[in-house]
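Novice: Sharing a structure here in structure tokens format.
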Amino acid sequence: MLEIKNLHVKVGDKEILKGLNLSLAAGQVHAIMGPNGSGKSTLSYVLAGRAGYDITQGTITYNGEDLGALAPEARAAKGVFLAMQYPVEIPGVTTMMFLKSALNAQRRARGEKELDAIGVLKIVRQKAATLNVSEEMLKRALNVGFSGGEKKRLEILQMKLFEPKLAILDETDSGLDIDALKLVAEGVNSLRDPSRAMLVITHYQRLLDYIVPDRIHVLAKGKIVAEGGKELAKELEAKGYDQIIKDAA
Amino acid sequence: MSSAADTKNTVAALGEKYKYGFVTEIETEKAPKGLNEDTVRYVSAKKNEPAWMLEWRLAAFKRWLDMKEPSWARVHYPKIDYQNAYYYAAPKQTPKLQSLDEVDPKLLETYKKLGIPLNEQMALAGVAVDAVFDSVSVATTFKEKLNEVGVIFCPISEAIRDYPEMVQKYLGTVVPVTDNFFATLNSAVFSDGTFVYVPKGVRCPMELSTYFRINASETGQFERTLIIADEGSYVSYLEGCTAPKRDENQLHAAVVELVALEGAEIKYSTVQNWYPGDENGVGGIFNFVTKRGDCRGDRSKISWTQVETGSAITWKYPSCILRGDGSVGEFYSIAIANHYQQADTGTKMIHIGKNTRSRIISKGISAGKAHNTYRGLVSVLGKADNARNFTQCDSLLIGKECGAHTVPYIESRNPSAKIEHEATTSKIADDQLFYCLQRGLGQEEAVALIVNGFCKEVLQQLPMEFAVEAQKLVGISLEGSVG
């Protein structure tokens, strides 16, 4: 589903990703782990198409298509979803209104029929129940005054709502207490599906106790330096990034 | 990155889209070009006005000759040649129309394009439309229903003939003939407009609405509106404005006067979408408008809501004179300036009576190379004990070449006054935009959503039927602002 080859990415004048290779098949959950500044967030942004993250070399192929050639909203309509580390606030726009606009924009782009407010509300309510997202939260302005946990739960709610083909979770565990973490992990696990691929980006091994990946890639200085099964997370926890990176070199 | 380039192209392609930029091919009757005493007489004669009205106009014209165009606003424009314009234009046709069927189909087609529901649907929407095409009202609907409760809703030219005492009693009492250069010009040459009278204790059964439209080329439009809400009455009035796309600038100098007697309430909403000029700043309407409401009676209330998205230049300060004790003035404003548009707009709240309250919520949005100025005055006079004002001015910037300016004046001559002023300036952040795009919204849609959120407090003040239109307009007027 996702094939990244020799990816080089610049932000401004600085090269952040320096020849990254990654292959992710449908039905798989992979984790990207790495120290701060290794390029984890850059990878998630470049996959989602954020302006200012320029591919200077290499390719990203998504379901046979050149992902780099698509506008960010087109990628979303084709099933690319990024759960963000820092979900932004949009004052004056209710969460429900935002969900409806976004869902319908995606449906429109795919040539599907748009849903009316009641139709969207029905689906949202049903998905929201398991995530402990209240009606009251849906009426508040998007992410405005939300706690860290509420923001992350809303990200997962959107993931459930949009039913992406490729879901990227950027440090979804940051700022969560253990209860919130479990709730979020359950949400993610419920979306595991043979037709869906997920890329879980995290700094800590903790999240991977709850979302067990099929494969782990260690990212350092813009490249994948080590790969392995789920046991690699434990090894990282025990040895630390420095040692693993040294071992790999 | 190619996706960014793609987006830019798409956005650029969307840039030039003024939905109302069509011209209706229809024969018009015009006054000779230029402005002199004869022009004033011509306009007055065309309207079959009584002598007192002509005298009033001539006095205004004489006064105007000695007045100077104001230059204190933060707007720049080439000198207006007042002699190089027509001051009267009307569709050529038989004068009296009994029903809509008699109206020129081309006119109706124009209204259709404008989206004015001038048919049975209006009954469902509960909207009565007094449509002003250039200088003449061509169709007035729902008159009968309003007649039942005694509400007068008609072209002002008709009111001058049919209700002369009322017009004489109130015309020019809120905006004096000599008020300012543009108001005085309007007093001399105003061609038509709307007159509303709501009798004592009557709650007007429907929203009243007028669409003004400038169609003829090189024509100034000078409409005059007078609304009187008698004791304990209520009326909500909405005006919408569009004009066709032309290379030259057209002058629009309107005067609106509102009078609220004891316990009366007037809600006046404007959606102004005159042609703003193209993205290089060519063409567009010069909008110099004087709007003022007089809370003449105790416990009266006047509320202005405006959505200003059009015009090359907007110079407009809908104000409230809070004369009656316990009277309330409100001003809710959204002003959007894109490309080379210039907006200098705000309000004046003059607290004269005791326990008077005013509230100002202003949302200014600047994009492209546009400049947007909030200019406001809150004045508390000596006898206005316990006067209160709350002002909130928020500015939103889109891009790096636009400007937002806030010029609030506060004068208080009474120590018991409580005046609060809050102001913020913000930008649409890259991360907000990216977040929306990532969730599937297009660039334009994302900007419209964020800006509508920013304007929410004001949009909520609009009558339901128009709030949706206004939201769309906010999006349309910012097309091409992000690239």
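Read the figures in this text as sums done on the coordinates, not as results from a lab. Just so it is clear, the structure is predicted and the values come from calculations on it, not from any experiment. Neighbour counts are summed over all protein chains in view; Cβ atoms, including those assigned to glycine, are modelled from backbone coordinates with ideal geometry.
Novice: What list of ³J(HN,Hα) values in whole Hz, one per residue of segment B:436-444 in order, does the Karplus curve 6.51 cos²θ - 1.76 cosθ + 1.60 (θ = phi - 60°) give from phi, with Gly and Pro shown as x?
Specialist: 5, 4, 4, 8, x, 6, x, 3, 5
Novice: What residues have an amide H closer than 5 Å to that of B:His421, excluding those fewer than 5 places away on the same chain, when H is modeled at 1.01 Å from N in the peptide plane?
Specialist: Amide H neighbours of B:His421: B:Thr391.
Novice: What is the order of B:Phe331, B:Phe182, B:Phe466, B:Phe390, fewest Cβ neighbours within 10 Å to most?
Specialist: Numbers: B:Phe331 28, B:Phe182 24, B:Phe466 21, B:Phe390 15.
Listed from fewest to most nearby Cβ atoms, that is B:Phe390, B:Phe466, B:Phe182, B:Phe331.
Novice: Using the basic label-point model (7 angstrom from Cα toward the beta carbon), what is the A:Thr59 to B:Gln168 distance in nanometres?
Specialist: My value for the distance between the label points is 8.7 nm.
Novice: With the Cα gyration tensor of the protein assembly as shown in hand, give its eigenvalues times 5 under a square root as the equivalent ellipsoid semi-axes, listed largest first in whole angstrom.
Specialist: Details: eigenvalues 679, 137, 108 Å².
Working from the Cα gyration tensor, I get semi-axes of 58, 26, 23 Å.
Novice: Could you give the length gained on full extension between B:Glu158 and B:Asp385, defined as 0.36 nm per residue of separation minus the Cα-Cα distance, in nm? Mind showing how you got there, number by number?
Specialist: On the way: separation 227, 0.36 × 227 = 81.72 nm, distance 4.17 nm.
Here the answer is 77.6 nm.
Novice: Then there is this: At 7 Å along the Cα-to-beta-carbon direction for both B:Ser426 and A:Val212, put a label point, then send me their distance in nm to one decimal.
Specialist: 4.4
Novice: State log₁₀ I(q)/I(0) for segment B:251-325 at q = 0.18, 0.23 Å⁻¹ as given by the Debye formula over alpha-carbon point scatterers of equal weight, solvent excluded.
Specialist: The calculated log intensity ratios at q = 0.18, 0.23 Å⁻¹ are -0.70, -0.94.
Novice: Need one number: nm distance between label points at A:Asp13 and A:Glu114, each 7 Å from Cα along Cα→Cβ, rounded to one decimal.
Specialist: Here the answer is 4.6 nm between the modelled labels.
Novice: Now a separate question. Suppose R0 equals 35 Å. What FRET efficiency, 1/(1 + (r/R0)^6) with r the Cβ-Cβ distance, do B:Thr178 and B:Lys200 give to the nearest 0.05? Can you show the working numbers first?
Specialist: Details: r = 31 Å, r/R0 = 0.90.
After rounding, the FRET efficiency stands at 0.65.
Novice: In addition: Looking at segment A:112-172, which trypsin sites (Lys or Arg not before Pro) are DSSP coil and have at most 10 other C-beta atoms within 10 Å of their C-beta?
Specialist: Working: sites: A:Lys113, A:Lys122, A:Arg125, A:Lys127, A:Lys139, A:Arg140, A:Lys151, A:Lys152, A:Arg153, A:Lys160, A:Lys165; in loops: A:Lys113, A:Arg140, A:Lys165.
Passing both the DSSP loop test and the Cβ count: A:Lys113.
Novice: Using the Kirkwood formula over every pair of different C-alpha atoms, what hydrodynamic radius in Å results for segment A:110-249? Show your work: numbers first, answer last.
Specialist: Working: mean 1/r = 0.0591 Å⁻¹.
After inverting the pairwise mean of 1/r, the radius is 16.9 Å.
Novice: For a quick check: with amide H placed at 1.01 Å from N, whose amide H comes under 5 Å from B:Gly326's, ignoring anything fewer than 5 positions away on the same chain?
Specialist: Excluding prolines and chain starts, which carry no amide H, the hits are B:Arg299, B:Lys354, B:Asn355, B:Thr356.
Novice: Based only on other Cβ atoms within 10 Å, what is the fewest-to-most ordering of B:Trp72, B:Trp315, B:Trp52? Can you show the working numbers first?
Specialist: Values: B:Trp72 8, B:Trp315 24, B:Trp52 12.
Fewest-to-most Cβ neighbours within 10 Å comes out as B:Trp72, B:Trp52, B:Trp315.
Novice: List B:Ser477, B:Ser71 from most exposed to least, where exposure is judged by having the fewest other Cβ atoms within 10 Å. If you can, show how the numbers build up before the last one.
Specialist: Values: B:Ser477 25, B:Ser71 7.
The fewest-first ordering by Cβ neighbours comes to B:Ser71, B:Ser477.
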